[in-house]
Amino acid sequence: MITLYSFGPLFGLPDPSPFCMKAQMLLKIAGLEYQVDKGGFDKAPKGKQPYMDDDGETTADSTFIRFHIEKKYDFDFNSGLDDYTAGVAWAVEKMCDDHLYWVLISERWCNLENFNRGPRVFFDAAPALIRPFIASMIRKKVIKATKAHGLGRHSVAEIHLLAGKAIDAMADIMGDNKYMMGNSVSGADATAFAFIDALSCKHFESPVIAMIEKHQNLIDYRNRMRAEWYPEFYSSLES
């Protein structure tokens with residue numbers, strides 16, 4: 001049995017981390033059975049989740065999880081794509097992984113109201129006396145990381161401008177397709193859906209939500225993907 005180490009449902013999402021959702025989606029698309037373990041963060045090989053144990057073989061990072069699935073199970077996530085479309089798909093994935101991820105971090109961690117609304121809950125297990133200190137210390141480290149990346153050096157307005165350009169690009173690339181790259185699901189959908197779902201999460205307050213909602217094709221895509229891949233989870237939220 002494959003065990004995926006992730007955070008579990010939170011904030012009205014299958015997982016608060018788009019990378020953990022991406023890993024789940026890769027396993028779902030490949031048709032592999034798996035179980036989720038929410039208790040493995042302290043043992044994460046690279047200090048981050050997700051990571052996966054597949055019959056004793058550990059793989060860390062969602063992209064390397066994809067490579068593992070492709071190699072071990074001979075599964076081609078791009079089987080329905082030609083070379084050009086596969087290249088565009090990879091560019092979409094990296095725009096999400098290496099750009100929109102930092103937009104999400106900025107919105108959730110650098111914005112104090114959103115931090116209190118969301119990530120602060122990650123520290124609930126810490127002793128009450130030192131909990132505020134630990135939360136503040138980790139938040140400062142995350143903010144420092146956004147500046148090291150580069151996005152955190154921009155003003156909030158500039159970050160939102162860049163976010164809007166990326167979201168517009170995703171909407172333009174998808175067009176009238178059923179899935180991100182066409183009429184068959186591909187590896188790009190694992191990433192694109194995870195990030196669209198995370199960035200449009202209304203547990204938080206962010207103008208990025210409106211940037212996504214102005215593109216009906218992205219909203220329709222998100223809702224189709226929810227219904228296809230997480231029907232029990234999202235139907236339970238509505239009941």
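A short reminder: the numbers here are calculations on the coordinates, not readings from a lab. Keep in mind the model is a prediction, meaning the values are calculated, not measured. Using ideal geometry, Cβ is built from the backbone for each residue, glycine included, and neighbour counts are taken over all protein chains shown.
Here is how the numbers come out for the structure above:
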| quantity | calculated |
| --- | --- |
| Alpha-carbon Rg/Rh ratio, for the range 118-239, with Rh computed the Kirkwood way | 1.05 |
| Alpha-carbon spread of the chain, three principal axes, descending order, Å | 54, 44, 41 |
| Spacing of the two label points (7 Å from each Cα toward its C-beta) at Tyr84 and Arg224, in nm | 2.2 |
| DSSP-assigned coil residues among GluC sites (Glu not before Pro) in the range 191-231, each with at most 14 further Cβ atoms within 10 Å | Glu205 |
| Net dipole in debye of the chain [+1 Lys, Arg Cβ; -1 Asp, Glu Cβ; about Cα centre; nearest 20] | 1220 |
| Counted charge near Leu112, where neighbours are those whose Cβ lies closer than 10 Å (Asp, Glu -1; Lys, Arg +1) | +2 |
| Ellipticity estimate at 222 nm from DSSP helix runs (n ≥ 4, -39,500 (n - 2.57)) divided over the chain, nearest 500 | -16500 deg cm²/dmol |
| Relative pair counts by distance (%), Cα atoms of the range 2-72, 10 Å bins | 22, 61, 16, 1 |
| About the Cα centre, charge dipole magnitude for the range 2-72 (Lys/Arg +1, Asp/Glu -1 at Cβ), debye | 240 |
| Gln49 long-range amide H proximity, modeled H, under 5 Å | none |
| Order of Tyr234, Tyr73, Tyr51, Tyr5 - criterion: other Cβ atoms within 10 Å of each residue's Cβ, fewest first | Tyr73, Tyr234, Tyr5, Tyr51 |
| Using alpha carbons only: equivalent-ellipsoid semi-axes of the range 31-160, gyration tensor based, whole Å | 32, 23, 11 |
| Two-site FRET efficiency, Lys178 against Glu113, from Cβ-Cβ distance with R₀ of 25 Å, rounded to 0.05 | 0.10 |
| Relative contact order of the range 83-238, pairs being alpha-carbon contacts under 8 Å that are 6 or more residues apart, as % | 25 |
| Residues whose placed amide H lies under 5 Å from that of Val36, excluding near-sequence neighbours | Leu4 |
| Furthest towards positive pole of dipole, Pro132, Tyr84, Leu104, structure part the range 63-142, Cβ charges | Pro132 |
